[in-house]
Amino acid sequence: MSGLKRLKKIKVLAMDVDGVMTDGRIVYDGDGKELKFFDVRDGYGIARIRKAGLKTAVISARGCRAVKARTDDLKIDKVYLGVSPKVTAYGDMLEKFHVKDDEVCFIGDDLPDFEILSRVGFAVAVSNAAPELKGVAHYVTRCHGGRGAVREVVEKILKAQGKWTIK
């Protein structure tokens with residue numbers, strides 16, 4: 001199936017956090033609090049895809065207050081933090097959203113994302129992802145994780161569905 005046909009079917013954008021929404025670094029402040037760096041363009045892309053009527057989800061093996069704050073800020077529809085294996089949360093997400101594998105786009109960067117990427121309708125690996133993920137991906141982003149990769153994918157989906165507008 002062509003990439004365009006796959007993109008037209010997408011109803012859910014799901015993604016990992018570390019290495020996808022962030023650049024993958026884990027930073028602690030002097031008090032031991034975990035800090036994350038998120039790209040504003042990715043956030044705007046997520047807002048745009050939600051406005052276009054698609055659902056959003058985060059599935060991450062880790063979790064911290066910074067991620068919770070960001071997912072709340074972006075109004076992510078379904079958030080799974082601290083889950084392993086991720087595919088269990090993915091199955092729950094399919095049920096909650098009443099969608100099938102081919103209606104999901106998942107963005108990942110490392111081996112814990114492999115099983116989900118092997119199932120979804122549009123599998124995306126960020127440009128700095130593990131080689132094994134690039135091997136199963138339908139698309140590899142030009143942008144690195146945490147540096148506009150999510151926005152890049154949002155544009156591809158919305159343009160394929162005729163929902164990308166300048167406004």
Residue within the range 2-21 that is surrounded by fewer than 17 Cβ atoms within 10 Å (Cβ to Cβ) and in a loop (DSSP other than H, G, I, E, B) present: yes
Selection status of Lys75, outside any loop (DSSP other than H, G, I, E, B), surrounded by fewer than 19 Cβ atoms within 10 Å (Cβ to Cβ) and without any contact (Cβ under 8 Å) to a residue 60 or more places away in the chain: no
Residue pairs meeting the criteria (Cβ under 8 Å; at least 6 apart or on separate chains; first farther than 14 Å from Gly91 by Cα and modelled with pLDDT under 95, in the range 109-129; second among the charged types (D, E, K, R) and part of a loop (DSSP other than H, G, I, E, B)): none
Residues that are surrounded by 18 or more Cβ atoms within 10 Å (Cβ to Cβ) and either hydroxyl-bearing (Ser, Thr, Tyr) or at pLDDT below 95 (or both), drawn from the range 140-167: Thr141
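Listed here are the residues, each with its yes/no results for (1) touching a residue at least 24 places away in the same chain (Cβ under 8 Å); (2) buried (at least 20 other Cβ atoms within 10 Å of the Cβ); (3) farther than 26 Å from Arg142 by Cα.
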position	(1), (2), (3)
Ile59	yes, yes, no
Arg65	yes, no, yes
Gly82	no, no, yes
Tyr90	yes, yes, no
Leu94	no, no, yes
Asp101	no, no, no
Val104	yes, yes, no
Ile107	yes, yes, no
Checking Gly121 against (1) in contact with a Gly (Cβ under 9 Å, 6 or more places away or on another chain); (2) within 19 Å of Lys8 (Cα to Cα), the condition it does not meet: (1)
Search result, residues across the range 89-103 that are within 14 Å of Leu117 (Cα to Cα) and more than 16 Å from the chain's Cα centre (by Cα): Lys100
Helices (runs of 4 or more DSSP H) contained in the range 79-167 and holding at least 3 residues in contact with a strand residue (DSSP E or B) (Cβ under 9 Å, 6 or more places away or on another chain), of a type in the set (A, V, I, L, M) and under 19 Å from Leu54 (Cα atoms): 86-97, 149-160
Single residue of the range 25-67 satisfying the filter (at pLDDT below 95 and either in a helix (DSSP H, G or I) or of a type in the set (Asp, Glu) (or both)) that is nearest to Lys9 (Cα to Cα): Val67
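The values are calculated or read from the model by the stated rules, or taken from the named source; none is laboratory data. This is a predicted model, so every value here is computed, not measured. Cβ sites come from the backbone with ideal geometry, for glycine too, and all protein chains shown count toward neighbours.
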